[in-house]
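Q: This is the structure I have questions about; it appears just below.
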Amino acid sequence: MIFYSVKLNLWIFKQTERDIIKLYNSLTPYVRTAVNDSNDYMLNFGYWIKNSNDAVNAQHELSAIFGKFARFNTVEMIADVGSGFSAPAVQWRSEYPHLKIFCVDINYMELNTARKKIISPLSPSSLAACDRISLINASSAMLPFGNDKLDMIVAFESAQHFQSIDNFLEVSRSILKPGGLIVLAIPVVDLKLSDNADNQNVGIVKKLKLMKKFGILYFSWASHHYDIDTISRSITNHGYKTEEFQRIGHHVYEPLSNYYVRNRKNIRRRLIDSFASYKQRMYFEFVEYMVYRSALKMKDLSMNGSLDYVLIRARKDDLR
Ligand SMILES: C[S@@+](CC[C@H](N)C(=O)[O-])C[C@H]1O[C@@H](n2cnc3c(N)ncnc32)[C@H](O)[C@@H]1O
């Protein structure tokens, strides 16, 4: 049991989609207890104004910035793939009332909670704003839409978990209307390696370099470590033209890490109180120490430019 939890938290073994579902099911309750806001259902890192002490505000800020970056005012039918509890979609729907949003997530528990706790309890006036949010339980690998159906597909801090970002870009291309947009918010690494697709050793060199540089974060970061250049190349290879690209990592990792360090004592206390058994507490001590060390490492890597967070908006190239 403990081995399985550790395996889930560490990026030692290749993770399947089922593992990602289990990871979120096991970690989300603790993240929510740590943030200590029963109304907060967002699962992103947030966009922080330096040394802000408000995690929930930072997450709403990131959603707002993403909406502006994506230009939601110019589109109507969108799919949010990896929508989590649909909290970002509810915010976008209230900011852009004309939007019709399909929230797609692989995790049924999150969608069910979204339906029961976020969308159904809305007041009648906000219900009008939510009648155009649909919840769909599906994977990024098999999106259940016909060809040329959507104006935009977004992956808001979720594409780093997809088994294959190439497959997601290819599937999305056929679903998007001509000239449709794909918009990503995604954590990336920047190893500054001059890459050459013909050189088979580059993959291994990258992996070793990443392991050395990222240390504990290489193992505790439970998702793909996509390189900025790899993502840009995939976007082009799958028939999109990048319209805008923004690096916002300095508003994410350093202030988030500072927030954790400042609030560590309170967060620890809240979490320890939520554990019933001695065994759970012991396991928590181990995991929390890893989270703490990872937060410090994340700050270092962000400050030296090896870790970043990017917003990418790319248009389907109809001439391909
Ligand atoms: C970091 S959370 C972000 C959730 C949401 N965008 C937010 O900001 O609150 C990543 C989400 O992606 C979902 N996810 C991971 N892999 C997926 C896949 N292959 N297809 C669809 N959703 C996936 C997870 O279940 C999780 O809800």
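Q: Any idea how many residues of the range 119-146 are modelled with pLDDT of 80 or more, among the aliphatic types (A, V, I, L, M) and more than 13 Å from D80 (Cα to Cα)?
A: Counting residues in the range 119-146 that are modelled with pLDDT of 80 or more, among the aliphatic types (A, V, I, L, M) and more than 13 Å from D80 (Cα to Cα) gives 2.
Q: Also, quick follow-up: Among the candidates Y253, Y226, Y240, Y218, which residue alone is buried (at least 16 other Cβ atoms within 10 Å of the Cβ) and at pLDDT below 75?
A: Checking each option against the conditions leaves just Y218.
Results for (1) over 24 Å from K116 (Cβ atoms); (2) in a helix (DSSP H, G or I); (3) within 15 Å of the ligand (Cβ to nearest atom); (4) touching a helix residue (DSSP H, G or I) at 6+ places or on another chain (Cβ under 8 Å), shown as yes or no for each residue.
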position: L135; (1), (2), (3), (4): no, no, yes, yes
position: A141; (1), (2), (3), (4): yes, no, yes, yes
position: F145; (1), (2), (3), (4): yes, no, yes, yes
position: A155; (1), (2), (3), (4): yes, no, yes, yes
position: L169; (1), (2), (3), (4): yes, yes, yes, yes
position: S172; (1), (2), (3), (4): yes, yes, yes, no
position: L181; (1), (2), (3), (4): yes, no, no, yes
position: A185; (1), (2), (3), (4): yes, no, yes, yes
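Q: Please go through the range 56-86 and give me each residue that is surrounded by fewer than 22 Cβ atoms within 10 Å (Cβ to Cβ) and of a type in the set (G, A, S), ordered by number.
A: Selection gives A64, G67.
Q: Moving to a separate point now. Looking only at the range 59-70, decide whether some residue is out of contact with any Cys (no Cβ under 7 Å at 6 or more places or on another chain), closer than 30 Å to A276 by Cα and of a type in the set (V, I, T).
A: There is no residue in the range 59-70 that is out of contact with any Cys (no Cβ under 7 Å at 6 or more places or on another chain), closer than 30 Å to A276 by Cα and of a type in the set (V, I, T).
Q: Helices (runs of 4 or more DSSP H) wholly in the range 203-320 with at least 2 residues that are acidic (D, E) - which ones?
A: Fully inside the range 203-320 and qualifying: 253-273, 278-303.
Q: Could you please let me know if D195 is away from the ligand (no atom under 16 Å from the Cβ) and modelled with pLDDT under 90?
A: Spelling it out, D195 is indeed away from the ligand (no atom under 16 Å from the Cβ) and modelled with pLDDT under 90.
Q: Within the group S306, S234, S302, which residue is of a type outside the set (K, R) and at pLDDT below 90?
A: After applying the criteria, what remains is S306.
Q: Anything in the range 262-290 that is in contact with a helix residue (DSSP H, G or I) (Cβ under 7 Å, 6 or more places away or on another chain) and under 19 Å from S220 (Cβ atoms)? List them, or say none.
A: R264, I267, R268, L271, Y283, F284, V287, E288, M290
The values are calculated or read from the model by the stated rules, or taken from the named source; none is laboratory data. In this text, all values refer to a predicted model and were calculated from it rather than measured experimentally. Glycine gets a Cβ as well: all are built from the backbone with ideal geometry, and neighbour counts include every protein chain shown.
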